[in-house]
Amino acid sequence: EFRRVLFRSQWAIEKGRYSRVEAKAFLLEIYTWEEGKPELALPIAEQFCQELPQSPMAHLALIMDLYEMGKWDAVEREAQIFLERSEKQTPYYTLDGVRPGLYCIGVAALQGERNPQKCIAYMNRILNDRIDSSRWVSFAYLHRAQAYDALGERDKAVADYNTVLSRPHFWGSHRQAREGLKEPFQFK
């Protein structure tokens, strides 16, 4: 059944007249999140961005594939472009894109550059926004906690991990926070 869905999505992308964009978005979702194979999604995301250069959705899909692949230099580069377009509200980009842009740059700083101070600075920009209902806020606390751990500031890290646990559960945030409470974050 699952293979049939993949086949139909691929067919809609190659030969479809009206549902190509939706099929690409669906296939990106499947490869990146359901199959855990962002390397298969990356060429689709790149093509998607070329076909729809003003689409924040296509741009964010590309960033997320790069993120899942751990290509931190590319994540930071694309997230910086995404952030600038969102802050300027370049056509079709909105202020809603600021938090994901900040988040991706901050995680790239932590994971790619191994620069916890830079990560904290970007996560603080999200947390200082005072919008509390966003999943990006939960993830900002989580990655700021990891950055504090990397700096040896365990008390601050524990406080942030506990804040994550007090918030709604988003995409494994509670699991990661519990792991951080058990064992301090370390670079791999």
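The values are calculated or read from the model by the stated rules, or taken from the named source; none is laboratory data. All values derive from a computational prediction rather than experimental measurement. Every residue, glycine among them, receives a Cβ derived from its backbone with ideal geometry; neighbour counts consider all protein chains shown. Please note that ligands, DNA and RNA were not included when accessible areas were found on the heavy atoms of the full protein model with its side chains. Shrake-Rupley method; radii C 1.70, N 1.55, O 1.52, S 1.80 Å.
Some observations on this one:
- The chain: angle of helix 56-69 to the longest principal axis, Cα-based, in degrees nearest 10: 60
- Selection of chymotrypsin sites (Phe, Trp or Tyr not before Pro), segment 95-188, meeting DSSP coil and at most 11 other Cβ within 10 Å: TRP171, PHE187
- Residue with peak Gaussian network fluctuation, the chain [Cα springs, cutoff 10 Å], from ASP149, ASP160, ASP96: ASP96
- Computed [θ] at 222 nm, deg cm²/dmol, the chain (DSSP H ≥ 4; -39,500 (n - 2.57); rounded to nearest 500): -22000 deg cm²/dmol
- 20 Å Cα-Cα reach of LYS182 towards lysines, excluding residues that sit fewer than 8 places from it in its own chain: LYS156
- Straight-line cross-link reach from LYS188 at under 20 Å between alpha-carbon atoms covers these lysines, not counting any fewer than eight positions away in the same chain: LYS71, LYS118.
- The residues of segment 39-188 expose on average 51 square angstrom of accessible surface per residue, using a 1.4 Å probe on protein heavy atoms.
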